[in-house]
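Notes follow once the structure below has been shown.
Bear in mind these aren't lab numbers, they're just calculated from the coordinates by the rules spelled out. Worth saying up front: this structure is predicted, and the values here are computed from it rather than measured. Methodologically, a virtual Cβ is constructed for each residue, glycine included, from the backbone with ideal geometry; neighbour enumeration extends over all protein chains shown.
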Amino acid sequence: MNRRQALILTPAVALLLFIPPAAAAPRTHIIIIDKMKFGPVPPGLHVGDTIVWRNRDMVRHTATAADKSFDVDLPAGASGKTVLKKSGVIPFTCKFHPGMRGVLNVAR
């Protein structure tokens, strides 16, 4: 490679080093409600991801964020979803059964 080619390629290579990586595509996660309990919260939640809540119980539940960022009504046997819009620790509960609780840990 001659000097002229090196001078042209060097800035192009340097520019590539400063391009931020593409953001990960949003994912869909499932939380099962069964026997009056929320199932395990999936790891690796990010803003933009979708949570699908599946109620396998014979009674109505909700998935309600303590900060009111989501409130999903789940009749018996139904599913619902929410898109995570903010990062942080988000406690949630069932409005009808306050002993049913969980926590989402959402990264940016």
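Extending 7 Å from the Cα toward the beta-carbon at both residue 108 and residue 46 defines two label points whose distance is 1.3 nm. Restricting the calculation to Cα atoms, the stretch 23-107 shows an Rg/Rh of 0.94 when the hydrodynamic-style radius is the Kirkwood one. Computed extension gain for residue 25 through residue 85, at 0.36 nm per residue and net of the alpha carbon distance, reaches 20.2 nm.
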